[in-house]
Amino acid sequence: MVQNTAASSSKKQNGIKHCGLALILLATLAACSTPSGPDSNPAQPSGPGYYTVQKGDTLSSIARKFRRSNSDIIAWNKLSDPNDIKVDQVLRVLPQGARSASAASSKTTPRSVDSADTAAAAGDEKDPVDWTWPASGQSSGGVGQGKKGLDIFGQLGQPVLAAAAGKVMYSGSGIRGYGNLVIIKHSSKLLSVYAHNKTIVVKEGQMVRKGQQIAEMGKSDSNAVKLYFEIRRQGKPVDPSLFLPSR
């Protein structure tokens, strides 16, 4: 009985440790649920720089709308649980003293290349990464369309490839909005993200080669068969077209 209890306790602790690691790794990816009831706190701020959560919003979609990172929104609003934003909750979406949120969201001036993205694409001499396309097919997305990832459309079951050599840091379906998800770490600063897969053929902790199959294309948590692909530098998405070779 004592041995069984100890084994159960050890298994529980390992599960908690694994969950904690995944939460840290995916903090900037988590798509948030939207409970139907309004926030019970009546004293909420309003005005320039604030946004009222609407039905269907997620933390990620709000951050994309105002061209901010998830971590910015979390920090400005002191969110203890970023998965628990609610309809009618008011969030600060711009830093103190910035232009109004409506002006930011209605801006239509085309943006060529983010200087931060350009610097990231130049790479860190200590972390050289050789990239390839993760799948064949028509792609859309990128800077200027409210997000920095790419949708690559293809056929159900089509191979999804590691865009560069690295270590599988996450393999699972625990993040709402991403379906069957793989995250690969390529260097101390660079990760790649592969979402909406049909099946995953690699495991966490596995080392993979550039071009190695890691999944099959699908439509988990999506209304179309596609791969949603991101490259992240220090947790923040950057324009993949600055890293991937021409094709």
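The values are calculated or read from the model by the stated rules, or taken from the named source; none is laboratory data. None of the values given here were measured: they were computed from a predicted structure. All accessible areas refer to the heavy atoms of the entire protein, side chains included, with ligands and DNA or RNA removed. Shrake-Rupley method; radii C 1.70, N 1.55, O 1.52, S 1.80 Å.
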Q) How much solvent-accessible surface does Met207 expose, in Å² to the nearest 10, with a 1.4 Å probe and all protein chains in place? A) 130
Q) How much of Phe243 can a 1.4 Å solvent probe reach, expressed as accessible area in Å² and rounded to 10? A) 30
Q: With a 1.4 Å probe and all protein chains in place, put Lys148, Lys78, Lys219 in order of accessible area, largest first.
A: Lys78, Lys219, Lys148
Q | Where N is the number of residues in the stretch 152-247, Cα Rg divided by 2.2 N^0.38 Å | A | 0.98
Q: Just reorder Arg247, Arg68 by solvent-accessible area, largest first, 1.4 Å probe, all chains present.
A: Arg247, Arg68
Q.
Taking 0.36 nm per residue of sequence separation and subtracting the Cα-Cα distance, how much length would be gained by fully extending the chain between Lys203 and Gln155, in nm to one decimal?
A. 15.0 nm
**Q.** Nearest-10 value in Å² for the accessible area of Glu230, using the 1.4 Å probe
**A.** 10
Q. Of the cross-linked pairs Lys148/Lys185; Lys55/Lys219; Lys55/Lys203; Lys148/Lys189; Lys65/Lys167; Lys86/Lys198, which ones have a Cα-Cα span greater than 27 Å in the structure shown?
A. Lys55/Lys203; Lys65/Lys167; Lys86/Lys198
